[in-house]
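Structure first, commentary second.
No lab work stands behind these numbers, since they all come straight from the coordinates. A quick note: this is a predicted structure, and the numbers were derived from the prediction, not measured. We place every Cβ from the backbone using ideal geometry, glycine too, and count neighbours over all the protein chains shown.
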Amino acid sequence: MSGYSSECIPEKLDKTVTNVVKLLERKGRTISTAESCTGGLLSQLITSVPGASAVFELGMCTYSERIKNSTLGVPLDDIAVHGVVSEEVALDMVRGLKRISGADVCVSVTGIAGPSGGTPDKPVGTVWIGFDIMGKCFARLPEQCRQPGLSRSGIRYAAAAYIFETLEKLLTEENP
C-alpha cells in the first residue's frame, strides 16, 4: 500500500473489498468485524458490495474501553497495562469477536486516528489490527497508517486498505 494518497485509496479499496467478499463467498466463509478507530468503516465497505449478506455476520463498533470489556471481554488489566491501543487489546478484541460471532474470518482494529490523542510512544497513526482467520490468530501494526500528513480519514482508510489487502492475499493463498 506504500505510495497511496488518501484521495486514491477509496477506488482501489472498493475493488479489493469486492474481491474479498467474492473470495469469502466462493469459499463458503463468513466475516465479522470489531472496530474502534475505524468507527464502522469496515462494515460499511463490506456491506456496500452486492451479495455481502452471504458472508457478513456481524459488525461491532466497540469504541469505549467499557464496551470493549463488557461486550468483547477485553480484560481491564490488559487495557491498564498495555493501553487500549496495543497488540494485546487487538488480540483480545478479535478473540471476543470470534467467540460472539463464530465467523470464519474475524478482524479487530484499535488505534489513534488523530488529530490529537497521540503520545511519543504511541503517535497518531498507531493502529493495531487483530486477525482470526480460520482459527489462526495474529496482530499487525501497519506502517502506512503512520505516513506523515495523513488526515484522520486518511489513517482510517489506510487501516481499512491494509486489512482488506491482507485478507485478499491470505484468502487467495488459502487452499479451497
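What is the sum of charges around residue 124, taking Lys and Arg as +1, Asp and Glu as -1, for the other residues whose C-beta is under 14 Å from the C-beta of residue 124? Cβ neighbours under 14 Å give a net charge of +2. Placing +1 on the Cβ of every Lys and Arg and -1 on the Cβ of every Asp and Glu, with nothing else charged, gives the range 48-104 a dipole about its Cα centre of roughly 200 debye.
For the range 25-176, the relative contact order comes to 22 percent (Cα pairs under 8 Å, sequence separation of at least 6). The slack in the chain from residue 116 to residue 58, taken as 0.36 nm per residue of separation less the alpha-carbon distance, amounts to 17.9 nm. Overall dimensions of the range 106-171, expressed as equivalent-ellipsoid semi-axes from the Cα gyration tensor (√(5λ), whole Å, largest first), are 23, 12, 8.
Placing +1 at every Lys and Arg Cβ and -1 at every Asp and Glu Cβ, with all other atoms neutral, what dipole size does the chain have around its Cα centre, in debye to the nearest 20? It would help to have the intermediate numbers written out before the result.
Values: 18 positive and 20 negative charges, 46 e Å.
Computed about the Cα centre, the dipole is about 220 debye.
Pairs from the list 98/169; 27/122; 68/122; 15/122; 22/98 with a Cα-Cα gap above 29 Å: 27/122; 15/122. Between residue 141 and residue 77, take the C-beta separation as r, use R0 = 30 Å, and let me know the FRET efficiency to the nearest 0.05. E between residue 141 and residue 77, to the nearest 0.05, is 0.90.
Can you give me the span-like helices of the chain, meaning DSSP H runs with 27 Å or more of Cα extent along the axis and Kyte-Doolittle mean at or above -0.5? Kindly include the intermediate steps, with their values, before the conclusion.
Numbers: long enough: 152-173 (32 Å, 0.08).
Helices meeting the span and hydropathy rule in the chain are 152-173.
Per residue, the convex hull around the alpha carbon atoms of the chain comes to 100 Å³. Remark on the range 52-118: ratio of C-alpha radius of gyration to 2.2 N^0.38 Å is 1.15.
Only helical DSSP H runs with n ≥ 4 go in: add -39500 (n - 2.57) per run for the chain, normalise by residue count and round the 222 nm mean residue ellipticity to 500 deg cm²/dmol. The helix-only estimate for the chain comes to -14000 deg cm²/dmol at 222 nm.
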